[in-house]
Structure formats: structure tokens, C-alpha cells
Amino acid sequence: MKRKIIWGIVILAVVGGIGAYAVSKRGPKPKGVQIAKVERQDLQAKVSANGKIQATKKVDISATVPGQVVQLAVEEGDMVKKGQFLLQLDSANFRAGARSSESSMQALLKDLDSARFNAEQARADLRRAETNNKSGILAEADLQKARTTSSTADSALLASEQRVEQARAMLEGAKDTLSKTTIRSPMDGVVTAKRIEEGEVAVIGVQNQPGTVLLTISDMSVVEAEMEIDETSIPSVALKQNARVHIDAYPNQTFDGVVTEVGNSPIVAAPGNVNNEAIKFKVKVQLTNPPPGIKPGLSVQADILTGFRPKVLTVPLQALVVRDAERKPEDKAAPEAGPPKEEEGVFLMVGGKAEFKPIKTGLLGELAVEVTEGLKEGDTLISGPFRELRTLKPGDQVKEQKPEESSGPPRG
């Protein structure tokens, strides 16, 4: 009996040793990973941003003379033509001023006629006095008196002419001021804003204080989207790049656009904003096929197409790994070597093991990136999942895991 027990212990020990040896030979369990192929495809780079629709050409109409609005002929949304009557300011005082200037002008014209007649009469008297003096029938003193009278009359005529010119200028100014009480449209367009009502008083601007904006006229036949682009994306945006514009008010529609303006200075933050707010630049995208009836202020999302490469080698973005580059032995010994440099690459799946491959990249697309050096078409690379890529090391055992396997069992 005792002998049987001893033999049983020996057999268990042998079996256990064999199992342990097998496990040690087999190594750690391979990590389940998703794989992808390095392939060629057309690659489109873009910069996306949000913004608002506005007219390329618009005019804010302000009053240049103060006054109460006594007639308002348009409403917001009305179509107007150039020269069309928009509103009338109270013109009673300005009309009276123009009439006063007109009356002064007429009086000065009468004075000018009288001065002209006196000057002509004085010249005639002077000619007659010179003739009589030569004949010896007029004394020299009387001749000098005639000359003085003629000179005085000419001076009076000149002064009268200058007063008439001054009055004419004042009359023109009064008429111009009067005309400014009648406001007409400076261009064809749509009334996109009405900020005053009949009976309210229009105030003109003084020094740094802007005046009352009465109406805004916009030419909605040419519209643009004003976007705010982050500083990290602005270097790739340039004039005349094409864009795809999506307007929230027109779902399931895409409108073509082209970049017409790229800001050179960052957008100035409003007073009171925090200092750590992202720096952004203004970019304008003109729509080439705006929908009929489009209105300013509509929210838009635009994709600016910043680059295109046909049939280039690409890898999925999620497969890209950035890590510290390995130092050479001589670099490790140098005290001034500094922190390690970063390198980007991918993990290839070679013979069931992970192998890190440094690469050089080019154009960045939405879901893939161009590979310019380090890979060839058809290479098998590890594309996920992220939790495995984050801890993966060269030489780790890996096996392909289907997406349904990585999702785990269904939840009850």
C-alpha cells in the first residue's frame, strides 16, 4: 500500500514537470490584434471649420444728419434697387435753411447787378474825364477824382462777386444737407437688417462714437462663409483652394466654394475672454452655387480641401505609433545628449511577432496618412486595438483577432 502511494506521488511529479516544461516552451499567451495592409489609394487632406453665412458685399446705412424718421418705406427682407427710396428724416429745419440761403443768394445777385452797373458807369465817366482833360477843359483834380471813383466801383464789384460765390457755396451746402434727409438705396440687394422704426431719432456719429445704423442692404447673389480656423491648421490653407460647404438650414446638400481670403493676423479676442483661448484666424469661403433665398447668419460647416495625392502608399491613422527613438550606445554615454528624440512608425506582424518599423509620412488624410519611406505595398501591419498598441513592444507574440472577437461576449 505504501509503495503504491509513493509511485502515485512520483507519477504526479513527473506529469507536473512535463506540464510546466510545456508551458515554459510555449511562452506567454499571444496578444490579440487587428491587422491591415499597406495599400495604395487616393488621399484627400482637408481642414474643417464652422462659421456663418454673410454677403460678400453689404452696406450699413447710417444717418449723416440728425433727425426723426418720419417715413419708413421698407421692411426687413424686401428687395430693393439702386436709388430706391428707403426712408425720410424730418427735413423742416434743413428745408428752411436752404430757403434762407436761396433768398440771400437772390439778394446778393441784385447787389451784384447794381455793383456791375456802378462800375461800368464809373469807367465811362473816367474815359470822358480823360478826354476833357486832354482838351484842357477839365482840371487835373477832377480827373484824379474820376479815377478814384472808377477804382472804388471796381473794388465794390469784385467784393460783390465774392459775396455771391460765398452765398452760392452756402446754398449748395444747404441743399446737400437737405438731400441727406432723404435716404435711398446705394445698390441692388436685400434689406437684411432694419434697426430703426418710424418715429425714432437717428443720431449721427461723433468722434469715436458711431452713429445709428438704420438699415443694412446686402447683395445676396454673392455670399461667403466666414470661418474661424485653428492656428495648427492655418498653414495648410491657401487662396483659391476648393471647399465643400454644408449649411444647417439645407440638410443633405453640399455646396461648392473657394477660399477667397486668409487672415494674416489672429482674431482679436473680445474683452474679458480668458487668455488661454485657442488662437484662430479668419478665412472666407465664397459659395459658387448658393441656394435661392439664402439668408445671412446661417450656420455652416466647411471642409477646405488642402491637398490631394493620387494612388499613394497609405496606412490607417490608428496604426501610427509615436515613441522615443532608441539611442546608440555612444549617445547614452554622452551627458549632454538630452531627452530622447521621438520617432513615428508602425508595428508590422512578422511570423506571429510584432516588429516596429520607423516610417516617414507625408500628406495627412481624414482616416489615413501617406507613407513616403519605410514600407512597401502589401506589408501587414497592426492597426489595433488601441489598448494593445499602447503597450505593444517589439518581439511580443501577436495573433490576428477579428473585430467581433475583440468586442467581447454580448451583454445580457
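The values are calculated or read from the model by the stated rules, or taken from the named source; none is laboratory data. Just so we're clear, the structure is a prediction, and the values are computed from it rather than from any experiment. Here the Cβ positions follow ideal geometry from the backbone for every residue, glycine too, while neighbour counts run over all protein chains shown. Heavy atoms of the whole protein, side chains included, go into the accessibility calculation; ligands, DNA and RNA do not. Shrake-Rupley method; radii C 1.70, N 1.55, O 1.52, S 1.80 Å.
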**Study point:** Residue check for residue 337: of a type in the set (Gly, Ala, Ser), modelled with pLDDT under 90 and surrounded by 14 or more Cβ atoms within 10 Å (Cβ to Cβ)
**Key:** no
Revision key, fill the gap. Picking from 363, 389, 381, the residue that is part of a helix (DSSP H, G or I) and of a type in the set (A, V, I, L, M) would be 389
Exercise for review: Assess whether residue 165 counts as being in contact (Cβ under 8 Å) with a residue 60 or more places away in the chain, among the acidic types (Asp, Glu), farther than 30 Å from residue 264 by Cβ and out of contact with any Leu (no Cβ under 8 Å at 6 or more places or on another chain).
Suggested key: no
Exercise for review: Please find, among 107, 139, 129, 96, the residue that is modelled with pLDDT of 90 or more, over 30 Å from residue 68 (Cβ atoms) and open to solvent by less than 60 Å² (accessible area, probe 1.4 Å).
Suggested key: 107
**Study point:** The lone exception for residue 96 - which of (1) aliphatic (A, V, I, L, M); (2) over 60 Å from the mean Cα position of the chain (by Cα); (3) assigned to a helix (DSSP H, G or I) it fails
**Key:** (2)
Revision key, fill the gap. Per the filter on region 188-230, residues over 30 Å from residue 292 (Cβ atoms), part of a strand (DSSP E or B) and of a type in the set (S, T, N, Q) are 209
Review point. Does region 270-285 include one or more residues that are closer than 30 Å to residue 76 by Cα, of a type in the set (A, V, I, L, M) and at pLDDT below 90?
Key: yes
Check your understanding: So which of 163, 184 ends up being surrounded by fewer than 19 Cβ atoms within 10 Å (Cβ to Cβ), of a type in the set (Lys, Arg) and under 30 Å from residue 126 (Cβ atoms)?
Key -> 163
**Study point:** Of the criteria (1) more than 38 Å from the chain's Cα centre (by Cα); (2) exposed (fewer than 15 other Cβ atoms within 10 Å of the Cβ); (3) among the aliphatic types (A, V, I, L, M), which one residue 35 fails
**Key:** (2)
Practice item. Being touching a residue at least 12 places away in the same chain (Cβ under 8 Å) and among the charged types (D, E, K, R) is the filter; apply it to region 273-322 and report the residue that is farthest from residue 232 (Cα to Cα). Key: 295
Exercise for review: Test residue 190 against the criterion of being in contact with a Gly (Cβ under 9 Å, 6 or more places away or on another chain), modelled with pLDDT of 90 or more and over 13 Å from residue 66 (Cα atoms), and give yes or no.
Suggested key: yes
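Quick check on this structure: which one of 47, 65, 69, 74 is surrounded by 16 or more Cβ atoms within 10 Å (Cβ to Cβ) and within 30 Å of residue 261 (Cα to Cα)?
The unique qualifying residue is 47.
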